[in-house]
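This report concerns only the one structure given below.
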Amino acid sequence: MKSYRVDSSKGINVVSDKAVLPPGHVTIADGVDVRSGQVRPFLGPLTVESASSSVNCLYSYRNKFFTSVEQRSYVAETVNGQDRIYYSKYGGSPQKHIEGTTIPLGFAAPTSAPIASNNTSSGMSLTVTQNTMGGIYATGTYKSYRVAAVTNTGTQVPCGSRTITFSNTSNINTHSATLVWTAVKGATKYIIFAGNAGEEKRAYDVGPAILSVTDDGSWPSGEPVSNYEDSLQYAYIYTFVREMKGIVEESGPSPVSQVISTAFGRQVTFDVVSDGFFTQETAVTKSSGITLTPSLSVASATVSDVVYNSFMNTTMVTLSGSIDAKNDDVVVFSLAGSQKGTSYKVKVGSSNTTLIINELLSSIPIAIGDTVTQAKTFFEWTPGSEAAIADGDAVLIKSTGITEISDT
């Protein structure tokens with residue numbers, strides 16, 4: 001068998017007569033990639049379908065063959081060596097095929113505007129207690145404190161203020177204050193502000209592993225806390241992004257949210273059920289093989305302490321023991337009277353025996369001795385005709401006989 005070596009080091013020449021061109025020029029090139037300076041074939045067939053008597057449409061592009069019993073219209077292009085096949089049919093949405101994967105062409109924009117609301121809490125719980133030694137504050141001195149977390153994306157809005165008036169049975173001048181706060185995920189350091197309420201100033205910076213400091217009265221006074229609050233008016237939109245074979249696509253923008261102004265941060269949410277995210281030609285369903293298994297036995301504890309914070313609009317509950325709650329879990333408080341069985345979504349404090357509710361529940365008193373319970377359930381099923389589900393996917397669950405699904 002003869003073999004041939006092709007010299008294309010000088011690229012493609014479509015002007016000169018090939019009879020007078022020196023070696024190294026390519027004059028005719030079909031199905032080859034010469035961008036690297038060398039002749040390389042395009043990728044071989046990735047999709048080959050066998051034709052049958054029911055085939056009404058046959059399409060071929062660079063050794064890729066497509067057959068269908070439906071009448072289709074095709075168009076193709078090659079971008080950076082990657083073949084993209086587009087086709088449409090009567091009564092269906094246009095499709096895009098890349099390296100063996102087919103998805104709808106285009107990405108529908110969200111149909112619902114995000115909901116922007118005032119986030120009255122930074123998610124950080126701060127407590128302040130007095131000491132009767134180790135400081136220079138006199139009895140009757142009033143102080144206010146706030147803490148802000150710094151992350152790789154910037155400085156978060158400082159948490160709400162915690163105030164203290166130093167008191168003692170004798171008029172001593174040796175008070176100090178100990179601050180304890182909950183960790184913020186991704187924090188690279190924390191900034192502590194101290195002063196009069198509403199006029200706190202930057203006083204102290206600590207590393208991400210430190211969650212407690214003591215103010216003995218020697219702290220310096222820096223820039224005001226107002227420099228770290230953002231009370232400008234904002235509106236929000238969002239888009240969907242998907243990736244297919246290394247190609248990232250972004251949908252059009254959603255409608256614009258309402259305008260909101262707050263110095264305490266904002267919470268932006270959107271409705272994945274009704275905003276078009278699940279829009280597709282055919283529903284993906286799994287009708288059998290699903291079993292429900294409790295992943296955590298019902299855990300319970302009693303309330304040992306309750307703190308209502310009207311400024312931060314929060315209620316902090318201390319439990320007698322852990323119920324293994326996680327942030328955004330829903331727990332049930334077995335209260336007296338008509339409030340028995342009321343459930344609330346909670347944040348977890350510095351220990352898993354402290355629960356924080358972003359509501360001021362002083363009008364619905366949670367009393368010491370009340371019972372707190374929770375239970376979790378997850379879904380299991382054997383693989384069937386449903387689409388593959390990966391970690392982080394959003395899944396729409398429809399069921400009967402269930403009055404509430406807290407997390408999906």
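Of these, Ile164, Ile136, which one is farther than 24 Å from Gly207 by Cβ, open to solvent by less than 50 Å² (accessible area, probe 1.4 Å) and among the β-branched types (Val, Ile, Thr)?
Numbers: Ile136 fails: open to solvent by less than 50 Å² (accessible area, probe 1.4 Å).
Among Ile164, Ile136, only Ile164 is farther than 24 Å from Gly207 by Cβ, open to solvent by less than 50 Å² (accessible area, probe 1.4 Å) and among the β-branched types (Val, Ile, Thr).
Could you look through segment 97-114, keep only residues that are touching a residue at least 60 places away in the same chain (Cβ under 8 Å) and in a strand (DSSP E or B), and pick out the one that is least open to solvent (accessible area, probe 1.4 Å)?
Residue satisfying both the conditions and the ranking: Ile98.
Which residue is nearest to Asp324 (Cα to Cα), if the candidates are limited to segment 336-359 and must be at pLDDT 80 or above and not in a strand (DSSP E or B)?
Here the residue is Thr353.
Of all residues in segment 71-96, which are buried (at least 16 other Cβ atoms within 10 Å of the Cβ) and over 14 Å from Ser60 (Cα atoms)?
Listed by number, the residues that qualify are Gln95, Lys96.
Being of a type in the set (Asp, Glu) and open to solvent by less than 40 Å² (accessible area, probe 1.4 Å) narrows it down to one residue among Glu200, Glu243, Glu223; which is it?
Going through Glu200, Glu243, Glu223 in turn, just one is of a type in the set (Asp, Glu) and open to solvent by less than 40 Å² (accessible area, probe 1.4 Å): Glu200.
Can you report the number of residues in segment 246-269 which are closer than 15 Å to Asn119 by Cα, part of a loop (DSSP other than H, G, I, E, B) and at pLDDT 85 or above? Break it down into steps so the answer makes sense when it comes.
Filtering segment 246-269 for residues closer than 15 Å to Asn119 by Cα gives 258-269.
Subset that is part of a loop (DSSP other than H, G, I, E, B): 258-259, 262-265.
Still in the running and at pLDDT 85 or above: 258-259.
Number of matching residues: 2.
When the residues of segment 122-133 are filtered to those that are of a type in the set (S, T, N, Q) and over 19 Å from Asp205 (Cβ atoms), which remaining residue is surrounded by the most Cβ atoms within 10 Å (Cβ to Cβ)?
If we filter segment 122-133 for residues that are of a type in the set (S, T, N, Q), which is where we start, we get 122, 125, 127, 129-132.
After this cut, where a residue has to be over 19 Å from Asp205 (Cβ atoms) as well, the list is 125, 127, 129-132.
Values: Ser125: 26, Thr127: 18, Thr129: 12, Gln130: 18, Asn131: 16, Thr132: 16.
If we take residues in segment 122-133 being of a type in the set (S, T, N, Q) and over 19 Å from Asp205 (Cβ atoms), then Ser125 is surrounded by the most Cβ atoms within 10 Å (Cβ to Cβ).
Do we find that Glu200 is acidic (Asp, Glu) and closer than 30 Å to Gly81 by Cα in this structure?
In short, no.
Could you tell me which residue of segment 169-189 is surrounded by the most Cβ atoms within 10 Å (Cβ to Cβ), considering only residues that are of a type outside the set (A, V, I, L, M, F, W, C), farther than 23 Å from Gly140 by Cβ and at pLDDT 90 or above?
Top of the filtered list is Thr182.
Looking for something among the acidic types (Asp, Glu), open to solvent by less than 50 Å² (accessible area, probe 1.4 Å) and modelled with pLDDT of 90 or more - is there at least one such residue anywhere in segment 210-218?
yes
Only one of Ile237, Ile192 is assigned to a strand (DSSP E or B), modelled with pLDDT of 90 or more, buried (at least 16 other Cβ atoms within 10 Å of the Cβ) and not charged (D, E, K, R); which?
Numbers: Ile237 fails: assigned to a strand (DSSP E or B).
None of the others qualify; the one that does is Ile192.
Consider segment 139-161. How many of its residues are more than 18 Å from Gly207 (Cβ to Cβ), at pLDDT 90 or above and within 27 Å of the chain's Cα centre (by Cα)?
Qualifying residue count, segment 139-161: 1.
Does at least one position in segment 126-135 carry a residue that is farther than 18 Å from Glu250 by Cα, touching a Cys at 6+ places or on another chain (Cβ under 7 Å) and assigned to a loop (DSSP other than H, G, I, E, B)?
no
The values are calculated or read from the model by the stated rules, or taken from the named source; none is laboratory data. This is a predicted model, so every value here is computed, not measured. Positions of Cβ are backbone-derived with ideal geometry, glycine not excepted, and every protein chain shown enters the neighbour counts. Side chains are part of the model used for accessible areas, which takes the heavy atoms of the whole protein and leaves out ligands, DNA and RNA. Shrake-Rupley method; radii C 1.70, N 1.55, O 1.52, S 1.80 Å.
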